[in-house]
Amino acid sequence: MEIARRQLGENTRAVHLPPPPESAQRPLGTPIYRTAAFAFSGAEEYAAVLNDQVPGYSYSRIDNPTVDAFARAVAALEGANLSRWPAAQAFASGMAAISGVFWTFARAGAHVVASAALYGGTYSLLRNVLSRFGVETSFVNISDLDAVRAAMRPATRILYTEAIANPTTAVADLGRLADIAHETGALLVVDSTLAPPVICRPLEHGADLVLHSATKYIGGHSDVTGGVVTGPIELVSQLRATRIDTGGSLSPDDAFLLRRGLETLPVRVRRQCATASVFAATLARHPAVAYVDYPGLPTHPGHELARRQFDAGPEGVRFGAIVTITPYGGRDAGLAFVTRLRLAAPATSLGGTHTKASHVASTTHRQLDDRALSAAGIDPGAVRFSIGLEDAEDLISDAFVALEALGR
């Protein structure tokens, strides 16, 4: 009996529904390809797509149209002023992106030079995980270029820094770091999470790869997790192979949210930076505050570098929206400061619409012992504020009330 000449059974009919309509009009919203698998015209196309012999999609752990739409959008922002269009790969989280870079470009016997002031998760990866696979890391003061140069070796494969350090807000001199890295044949890899592409574009300053925890400013609403790495196709194609083999792929639903976040990135970040500048300058004058770390303050050691390296909009240079406040009184004072805040939330992550406060030593950098905190320039009482979209005067009032309660 020919299948085409008989009525298909109800189960078959339910599975083999008509395909969705194709539209000649371009959707303004990014379509979500919520599918794990793709079908082919035949066995030859199936094999050709899987083997990268022809473009296409086979399995969403490998590639997905919605995920690619997000990655390409980030590449467009990061490469705005480059003569050659960069490529990008998206990951399930910022740490998946970071680990993907190290799995790809550092192997047994390799040496890494990294900033001592790093996000705690990155520090832990280098210190506790990669070390088990024969990768050695030297942590240095990334602002001391002589120390960076002295730490480089013939075996150094990666010079790793953050554009704005978390949480010290130290500003990396990307152009000079690129020169140091390339003198020894190493890659300069920049985590620019705290300086999204409307503040800084590290590829334009000589970086080989730039990465983001897209969970933060790119997503912008504390409702999605993701990571992304951008750079030349020669490097990113190697990174893609590692991502496929290790499985840290971004989901299409998360890719949709992250790409949507890019559309409001300039508007959000511009306001957050403006509020952060006022917040930092005002808090610096409070008698209970030992010091404030924020690149927008003229007293910040990286202020002039930030003015040269970061973008300026109609409102002036954008110095980021992370402000680290260190009250007098050490660890106990920092913990009490966070607890007494009522508007700024003691909450994880950063870059969202809500202002968040974290006692650094016990949360984001809990992986660092006292010695490592000291080497990174992090006071045990430091409190990191991620400035959101609230009114500046309300955030300042909240912080002042909390500081007054410290009793100094």
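The values are calculated or read from the model by the stated rules, or taken from the named source; none is laboratory data. Since we're looking at a predicted model, the values are computed, not measured. Neighbour counts run over all protein chains shown; Cβ positions are idealised from the backbone, glycine included. Keep in mind that these areas ignore ligands, DNA and RNA; they rest on the heavy atoms of the full protein, side chains included. Shrake-Rupley method; radii C 1.70, N 1.55, O 1.52, S 1.80 Å.
Short-range pairs are left out: with C-alpha atoms under 8 Å and at least six residues apart, the relative contact order of region 344-393 is 43 percent. Taking the Cα centre of the chain as origin and assigning +1 to Lys and Arg Cβ atoms and -1 to Asp and Glu Cβ atoms, the resulting dipole is close to 320 debye.
Using a Förster radius of 35 Å, what is the FRET efficiency between PHE400 and ALA147 based on their Cβ-Cβ separation? Nearest 0.05, please. Here the calculated transfer efficiency is 0.35.
Between the listed residues ALA382, GLY94, GLN367, the Cα displaced farthest toward the positive end of the dipole of the chain, a dipole computed from Cβ unit charges relative to the Cα centre, is found at GLN367. For region 227-384, a crude dipole built from +1 on the beta carbon of Lys and Arg and -1 on the beta carbon of Asp and Glu, taken about the Cα centre, is about 400 debye to the nearest 20.
Taking only protein heavy atoms and a 1.4 Å probe, the accessible area of region 173-323 is 52% carbon and sulfur. Ligands, DNA and RNA are left out, and with a 1.4 angstrom probe the accessible area of the chain is 46 Å² per residue.
Annotation: PHE133 carries an accessible surface of approximately 110 Å², with a 1.4 Å probe and no ligand, DNA or RNA atoms counted.
Going by accessible surface with a 1.4 Å probe and the largest first, HIS354, HIS365 read HIS354, HIS365. Measuring between their Cα centroids, region 171-238 and region 13-51 lie 33 Å from each other.
For the chain, modelled as a GNM whose springs connect Cα atoms under 10 angstrom apart, the maximal fluctuation among ASP394, ASP293, ASP254 occurs at ASP394. In terms of its C-alpha gyration tensor, region 338-408 comes out oblate, because a/c is 1.5 or above while a/b does not outweigh b/c. GNM remark for the chain: springs join alpha carbons under 10 Å apart, and the peak mean-square fluctuation among GLU44, GLU204, GLU78 falls on GLU44. Note: relative contact order over region 125-198, using C-alpha pairs below 8 Å and six or more positions apart, is 29 percent. Available extension along the chain between SER131 and GLU263 is 43.6 nm, counting 0.36 nm per residue and deducting the alpha carbon span.
Placing +1 on the Cβ of every Lys and Arg and -1 on the Cβ of every Asp and Glu, with no other charges, gives region 173-282 a dipole of roughly 460 debye about its Cα centre.
Pick from ILE158, ILE233, ILE98: which residue has the top mean-square fluctuation in a GNM of the chain where Cα pairs under 10 Å get a spring? Maximum among the listed residues: ILE233.
Measuring nothing but how far apart in sequence close Cα pairs (under 8 Å, 6+ apart) lie, relative to its length, the chain scores a relative contact order of 16 percent.
Quickly estimate the mean residue ellipticity at 222 nm for the chain, helices only: each DSSP H run with n ≥ 4 gives -39500 (n - 2.57), and the total goes over all residues, rounded to 500. So the calculated ellipticity at 222 nm is -10500 deg cm²/dmol. Residues of region 13-47 with an amide N closer than 18 Å to a point placed 7 Å from the Cα of VAL54 along the Cα-to-Cβ direction: 38-47.
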